[in-house]
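The values are calculated or read from the model by the stated rules, or taken from the named source; none is laboratory data. This one's a predicted model, so the numbers in the text were calculated from it and none came from an experiment. Cβ atoms come from the backbone with ideal geometry, glycine included; neighbour counts cover every protein chain shown.
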Amino acid sequence: MDYKVLLEQAKDIIVDSEKNKEQKLLGICQLLFDSIPYYDWVGFYFADHNKKVLELGPYVGDETDHVVIPFGKGICGQVANSNATFLVDDVTAQDNYIACSITVKSEIVVPLFVKGVNIGQIDIDSHTIAAFTPKDQEFLENLNLEVASMF
Ligand code: SME
């Protein structure tokens with residue numbers, strides 16, 4: 001996959017004046033889900049800093065029970081606290097992990113910063129073990145720089 005092309009396609013969604021923010025975020029999830037075969041669940045979580053929880057935003061993939069995740073819990077909750085991308089090759093090797101489905105083997109969570117504040121994250125699950133590479137990390141971090149412009 002050409003990540004440069006994909007990033008341009010994502011930017012086109014972000015500047016689409018006919019879509020609201022929710023529609024743009026969902027469009028980005030769908031674009032990534034459709035374009036990269038090992039992206040099997042793609043979604044955004046957003047932080048409520050008063051309640052110290054993440055709330056599920058737009059996503060594409062199987063329905064999840066985890067619509068609210070406390071800061072610190074699971075891979076997502078850890079990223080809410082650490083402010084750093086978390087790339088997990090094998091989810092079964094993680095003890096602080098929230099399983100969405102037994103089919104998930106690896107995961108990447110990339111924080112979303114707006115004016116230096118960690119407001120949420122993009123979360124991607126894969127059915128393939130060790131699916132994500134530093135190239136995915138770089139791409140998703142660049143993507144979130146663009147997504148940040150919507151906030
Ligand atoms: N696996 C995540 C929970 C969210 S689901 O993957 C959609 C975690 O451990 O935080």
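Examine region 107-114 for a residue that is of a type in the set (Val, Ile, Thr), farther than 25 Å from residue 51 by Cα and free of Cβ contacts under 8 Å to residues at least 60 places away in the same chain, and state whether such a residue exists. No, because not a single residue in region 107-114 is of a type in the set (Val, Ile, Thr), farther than 25 Å from residue 51 by Cα and free of Cβ contacts under 8 Å to residues at least 60 places away in the same chain. Would you check if residue 125 is out of contact with any Gly (no Cβ under 9 Å at 6 or more places or on another chain) and of a type in the set (Asp, Glu)? No; evaluated as a whole, the condition is false for this residue. Among residues of region 112-130 being surrounded by 17 or more Cβ atoms within 10 Å (Cβ to Cβ) and within 13 Å of the ligand (Cβ to nearest atom), the one that is nearest to residue 8 (Cα to Cα) is 122.
Checked against (1) within 12 Å of the chain's Cα centre (by Cα); (2) over 19 Å from residue 145 (Cβ atoms), residue 87 meets all criteria but (2). Screening the candidates 104, 88 for the property of being within 13 Å of the ligand (Cβ to nearest atom), modelled with pLDDT of 95 or more and within 21 Å of residue 31 (Cβ to Cβ) yields one hit, 104.
Mind counting the residues in region 109-140 that are assigned to a loop (DSSP other than H, G, I, E, B) and touching a strand residue (DSSP E or B) at 6+ places or on another chain (Cβ under 9 Å)?
Looking only at that region, the number is 7.
Against the test of being farther than 15 Å from residue 109 by Cβ, of a type outside the set (Val, Ile, Thr) and without any contact (Cβ under 8 Å) to a residue 40 or more places away in the chain, the options 26, 7, 56 yield a single qualifying residue, 26. For the criterion of being among the charged types (D, E, K, R) and in a loop (DSSP other than H, G, I, E, B), residue 95 passes.
Given the condition part of a strand (DSSP E or B), among the small types (Gly, Ala, Ser) and more than 9 Å from the ligand (Cβ to nearest atom), answer yes or no: does some residue in region 62-84 qualify? Within region 62-84, none of the residues are part of a strand (DSSP E or B), among the small types (Gly, Ala, Ser) and more than 9 Å from the ligand (Cβ to nearest atom).
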